[in-house]
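The values are calculated or read from the model by the stated rules, or taken from the named source; none is laboratory data. Predicted model, so just to flag it, every value in this text is computed and none were measured. Cβ placement follows ideal geometry from the backbone for every residue including glycine, while neighbour counts extend to all protein chains displayed. To get the accessible areas, we keep the full protein, side chains included, count just its heavy atoms, and leave off ligands, DNA and RNA. Shrake-Rupley method; radii C 1.70, N 1.55, O 1.52, S 1.80 Å.
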Amino acid sequence: MTAQKNDFSVGSVKKHIINQAVPLTLALLVHLLYNIVDRIYIGHLPENGDLALTGLGITFPIVVIISAFTALFGTGGTPLFSIARGQKNDEEAERLIGNVFALLSVTAVILMILCYFFRRPVLFLFGASEVSYHYADEYLKIYLLGTFFSMITTGLNTYINAQGFPKVGMMTTVIGAVINIVLDPIFIFLLDMGVQGAALATVISQGVSALWVLKFLTGKKAILRLKKEYIRINGARTRRIASLGITGFVMSANSSLVQIACNNQLQLYGGDLYVGIMTIINSVREIMSLAMSGISNGSQPVSGYNYGAGKYDRVKESIRFIAVTGLAYTMVIWIIVMLIPEQLISIFTSDPETITIGAHMINIYFFGFVFMSFQFVGQCTFQALGKAKQAIFFSIFRKVIIVVPLTFLLPALGFGVDGVFLAEPISNAVGGLASFLTMWFTLYRKL
């Protein structure tokens with residue numbers, strides 16, 4: 001029965017995608033709450049909430065860089081682990097876990113030290129002002145102490161899922177999110193710790209999640225364990241891990257680069273207020289893109305399975321379904337944003353000026369949001385059918401080749417601060433259509 005249930009080559013393609021998408025979307029929602037709740041609480045601080053939110057936004061590129069290195073080693077080793085497990089080579093699989101743990105640990109220490117001692121020039125490089133630096137520095141000094149916890153939690157949790165324990169893997173995120181949500185108001189408001197309280201709550205929640213992951217992987221319930229004698233870095237094994245993890249690394253690094261460029265130009269042309277508004281809009285975008293990400297990710301195993309089985313009509317049906325669903329969903333989201341921009345901004349702030357200006361900027365940023373669905377469909381199809389190079393290229397194309405240059409060019413051409421927000425819809429249209437049409441003519445029509 002389990003084999004039939006997981007056989008995506010029979011039954012309704014749409015039903016298979018939805019069945020995959022629902023739990024993935026719920027997992028993404030829990031993970032999103034982990035990150036969003038800090039911004040909501042901080043933005044509503046009774047004094048200087050907007051400046052504190054700006055400071056938090058300036059630290060985002062550093063958080064993303066840490067995530068990029070986590071993906072490089074954590075995600076990169078998972079396919080090798082699964083292959084070794086399928087070959088019944090348990091020793092190699094456990095050596096891979098030990099190698100990944102060692103890589104994550106060493107990288108976490110290096111990143112924590114570098115970011116801590118160079119945090120002032122780095123934060124100013126990333127768009128801080130003399131005023132917002134204070135809040136960014138308060139948050140980052142504490143957040144960096146949890147670098148090891150963060151990288152171990154995210155990097156090793158995939159090895160729990162890869163052994164067939166998805167509920168245990170899900171609990172890793174749920175436990176951290178719940179602890180963070182509970183501790184945030186206590187530390188931020190009750191103990192009057194402000195942004196430092198938000199950072200401390202995050203570190204504690206990450207610490208508990210890391211202990212949960214390590215306890216399972218070293219315990220009796222795990223099929224393959226993290227063993228002390230295998231915690232070492234092997235050159236050949238590390239090269240194989242990094243070669244597979246480079247896709248996730250590049251995509252995360254691209255996001256960090258875009259955020260750095262936006263913060264710099266917003267600080268130059270608008271100041272701290274606009275950096276804070278971009279932080280809010282990015283948060284709204286994460287919320288609004290959640291279902292589309294779930295549907296796209298849910299379609300990948302279905303498309304990939306049918307592609308491997310030679311059921312190309314079902315692959316095409318999968319692509320058509322996510323294209324139509326994505327187009328309809330992003331159109332609805334666009335309409336919602338156009339109708340209630342003030343209400344969306346007010347989730348993260350109570351400041352009237354921020355709400356008024358933010359409403360104008362979110363309308364610019366989300367203009368033509370429907371084109372984002374084309375980016376999702378094209379990129380997830382490339383990934384599902386094993387075309388990693390194309391997936392990486394179109395991520396770089398949209399973010400690095402289009403967004404970053406436009407972020408510097410449009411304000412200089414007279415658009416001012418509006419130009420920074422305008423770069424996003426232009427990149428969605430150009431990058432999204434390029435990704436989708438390339439997929440359509442090079443993959444879809446050949447199936």
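Odds and ends about this structure:
- Residue-by-residue Karplus 3J(HN,Hα) for segment 435-440, coefficients 6.51, -1.76, 1.60, Hz, glycine and proline x: 5, 5, 5, 5, 4, 4
- THR407 sits among other residues whose Cβ lies under 13 Å from its own Cβ, and their net charge, with Lys and Arg +1 and Asp and Glu -1, is 0.
- Listed residues LEU125, LEU140, LEU96, most fluctuating in the chain (Gaussian network, C-alpha, under 10 Å): LEU125
- Relative contact order of segment 1-148: 27 percent, from C-alpha pairs under 8 Å at least 6 residues apart in sequence.
- To the nearest 10, the accessible area of ARG85 is 80 Å² with a 1.4 Å probe.
- With contacts taken as Cα pairs under 8 Å and at least 6 residues apart, segment 229-326 reaches a relative contact order of 14 percent.
- Contact order relative to length of the chain, as percent, for alpha carbon pairs under 8 angstrom and 6 or more apart: 22 percent
- The 1.4 Å probe gives accessible areas that order LEU211, LEU224, LEU447, largest first, as LEU211, LEU447, LEU224.
- Segment 17-133 - percent of accessible surface contributed by carbon and sulfur, probe 1.4 Å: 69 percent
- Remark: spin-label model distance LYS387-LEU125 equals 3.6 nm, labels positioned 7 Å along the Cα→Cβ axis.
- Of the cross-linked pairs LYS88/LYS221; LYS167/LYS311; LYS311/LYS387; LYS141/LYS227; LYS15/LYS316, those separated by over 23 Å at the C-alpha level are LYS167/LYS311; LYS141/LYS227.
- Rg over Rh [alpha-carbon atoms, Kirkwood Rh] for segment 254-295: 1.09
- For segment 397-440, the gyration tensor built on C-alpha atoms gives a prolate shape. Its axis ratio a/c (a ≥ b ≥ c) is at least 1.5, and a/b is the larger of a/b and b/c.
- Counted by Cβ distance under 15 Å from SER350, the other residues give a net charge of -4, where Lys and Arg count +1 and Asp and Glu count -1.
- Measuring nothing but alpha carbons in the chain and taking Rh as the Kirkwood radius, the Rg to Rh ratio lands at 0.96.
- Prolate/oblate/rounded label for segment 276-415 (Cα gyration tensor, a/c 1.5): prolate
- Accessible surface, per residue, of the chain when the full set of protein chains is kept, probe 1.4 Å, Å²: 43 Å²
- Dimensions in Å of segment 26-137 - Rg and Dmax from alpha carbons: 18.7, 59
- Extension gain for ILE231 to LEU413 (0.36 nm times residue separation, less C-alpha to C-alpha distance): 60.1 nm.
- Only helical runs count toward this figure. For the chain, summing -39,500 (n - 2.57) over DSSP H runs of n ≥ 4 and dividing by all residues gives -26500 deg cm²/dmol at 222 nm.
- Segments 369-378, 185-194, 429-438 sorted - mean Cβ within 10 Å per residue, highest first: 369-378, 429-438, 185-194
- Taking Lys and Arg as +1 and Asp and Glu as -1, the other residues whose beta-carbon sits under 11 Å from that of LEU443 total +4.
- Cα centroids of segment 33-109 and segment 377-447: 25 Å apart.
- Protein heavy-atom surface of segment 202-267, 1.4 angstrom probe: 62% of the accessible area is carbon and sulfur, with nucleic acids and ligands not counted.
- PHE408 accessible area, 1.4 Å probe, all protein chains in place, Å² to nearest 10: 100 Å²
- Volume in Å³ per residue [convex hull over Cα atoms, computed for segment 167-262]: 168 Å³
- Taking the Cα centre of the chain as origin and assigning +1 to Lys and Arg Cβ atoms and -1 to Asp and Glu Cβ atoms, the resulting dipole is close to 2440 debye.
- Within the assembled protein chains, the solvent-accessible surface assigned to TRP334 is about 50 Å², based on a 1.4 Å probe.
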